[in-house]
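Right, one structure below, let's go through it.
Laboratory data are not the source of any read-out in this text; all were calculated from the coordinates shown. The structure displayed is predicted, hence computed values, not measured ones. Backbone-built Cβ (ideal geometry, glycine too); neighbour counts: all protein chains shown.
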């Protein structure tokens, strides 16, 4: 069966896609989706994504990153009575492969209830402006702000790292920053104030860039269509390990191949791993380098 490489557009062209955000993510997501899929992206008015969790920890995120994105997408669809939605969810933490390096992992999730599938896009970056500091003076606060790129990069001022009281966001000038820090330091028994970079998308340019790259990855996965039924999202679901050692020929733990699967018809295909070489360096072999 020969599949038209543009067949994925038939699933989306002319439809309305609801984007669940209140932090301007449409600025980087909507142009990509409208250009590549032919959809019309709309953002619900007064859609409160804080209900699904806040980076400043007043509201804890329930479930994992994917589950939070699913809840956002479902809520946005229900709000406008749509059957096509997209939501984004970010996280910050240690890089899984590079010790002592922080990273930002962005997930974008497209949910299509009309055709009964969901497709994800990801992007992980070491470019993650996630920093914090305890300061005891306005001068120290200003020094930290300059270091993180304020005011282009947003800053949160809070009395305490762990308590959810006296938290100030959307500070737009050094004058306002100094005012908030001075106010908190004037309180009884407050000797230090906690500052942290604002991780919300509209206040974090590096994160906004990563969200756009995750949207590009989503488009790549959408364009990967099933060779049997042409459904978008014929993506990697498993990795086969066992790349042979170039010296002794025994299997190693390195990736050899990937398994792609269609979530609609269940068709599966084994392909060479996109980053695999023909053989593994003996240093990675358990026999040659025990």
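A few comments on the model shown:
- Rh (Kirkwood; distinct C-alpha pairs) - the stretch 165-270, Å: 19.2 Å
- DSSP assigns beta bridges within the stretch 191-290; of those with both partners inside it, close to 95 percent run antiparallel.
- The chain, helix-only ellipticity at 222 nm - DSSP H runs n ≥ 4, -39,500 (n - 2.57), divided by all residues, nearest 500: -8000 deg cm²/dmol
- Protection proxy ranking of 164-175, 21-32 - average other beta-carbon atoms within 10 Å, highest first: 21-32, 164-175
- Cα gyration tensor shape of the chain, rounded if a/c is under 1.5, else prolate or oblate by comparing a/b with b/c: oblate
- Relative to the longest principal axis of the Cα atoms of the chain, the long axis of helix 138-148 makes an angle of roughly 20 degrees.
- At full extension, residue 61 and residue 239 could sit 61.1 nm farther apart than now, given 0.36 nm per residue minus the alpha carbon distance.
- Debye-sum result for the stretch 27-121 in log10 I(q)/I(0), which assumes one identical scatterer on each alpha carbon, at q = 0.17, 0.19 Å⁻¹: -0.83, -1.00
- Principal-axis analysis of the Cα atoms of the chain puts helix 26-37 at an angle of about 20° to the longest axis.
- Rg ratio (alpha-carbon, reference 2.2 N^0.38 Å) - the stretch 132-198: 0.96
- Tensor-based shape of the stretch 237-284 (alpha-carbon gyration tensor, a/c under 1.5 rounded, otherwise prolate or oblate): prolate
- Highest mean first, the peptides 42-48, 58-64, 71-77 sorted by other C-beta atoms within 10 Å per residue fall in the order 71-77, 42-48, 58-64.
- Packing rank of 82-90, 110-118, where each peptide gets the mean count of other beta carbons within 10 Å, highest leading: 82-90, 110-118
- Beta bridges per DSSP, both residues in the stretch 1-132: antiparallel share near 75 percent.
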